[in-house]
Amino acid sequence: MQYTAKTNDFFQNVFDVVRLIPKGRVTSYGAIAKYLGTGGSSRMVGWAMNASHHVKPKVPAHRVVNRNGMLTGKAHFETPTKMQELLAKEKIKVKNETVLDFEKLFWDPVIELGL
DNA sequence: GCATTGACGAAGG
DNA sequence: CCCTTCGCCAATG
């Protein structure tokens, strides 16, 4: 799989922001996209995460969920339960594939890191 | 090069 | 919170 110069740069930015997410906090694909200035391309953030598996250092992709706090990407982990396990280790409660207190745990890079 | 797909988002129901 | 429709854009067939 080869990435174009465009996506390669985009991917790196996504990985970088995701690694900055504090332990025990979560964010959304859209928030990351907005922070990177590609607001409408939230799908591309998800695509970037898809490539985060073989990336080093490891990207805490489990801290990235959709706008509803739902673990939509759990199926793409090593095992369908891996994502919830990692979240549980960070004291993040997950119920019915959705992060509880999502609004309280939400970490917006635009707000936390500034524009 | 067109059609389909997708770890999304907003709005309306 | 779930469902549908539409917009979004790179990758893939």
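Throughout, read-outs are computed from the coordinates displayed, never taken from laboratory work. This one's a predicted model, so the numbers in the text were calculated from it and none came from an experiment. In this analysis, Cβ positions are derived from the backbone assuming ideal geometry, glycine residues included, and neighbour counts consider all displayed protein chains.
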Exercise. Quick one: what are the phi-derived ³J(HN,Hα) couplings along the range A:78-90, Karplus 6.51/-1.76/1.60 with θ = phi - 60°, whole Hz, x for glycine and proline?
Key: 3, 9, x, 9, 4, 4, 5, 4, 4, 5, 4, 5, 9
Practice problem: Using +1 at the Cβ of each Lys and Arg and -1 at the Cβ of each Asp and Glu in chain A, identify which of A:GLY40, A:LEU20, A:THR7 lies farthest towards the dipole's positive end. | Solution: A:LEU20
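Working from the alpha-carbon coordinates of chain A, get Rg over Rh, Rh being the Kirkwood radius.
Working: Rg = 13.3 Å, Rh = 14.1 Å.
The Rg/Rh ratio comes out at 0.94.
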Quiz prompt | Unit charges on C-beta of K, R, D, E only; dipole of the range A:5-105, Debye | solution = 160
Quiz item: Expressed as an acute angle from 0 to 90° and rounded to the nearest 10, what is the orientation of the C-alpha long axis of helix A:5-19 relative to the principal long axis of chain A?
Solution: 30
Self-check item: Residues with amide H under 5 Å from that of A:THR72, placed H, sequence gap 5 or more
Solution: A:ASN66
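Can you give me the relative contact order of chain A as a percent, contacts being Cα pairs under 8 Å and 6 or more apart?
Numbers: 141 pairs, mean separation 34.5, N = 115.
Rounded, it is 30 percent for chain A.
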Quiz item: Sequence-distant or interchain residues sharing an amide H contact under 5 Å with A:PHE106, placed H: which?
Solution: A:VAL26
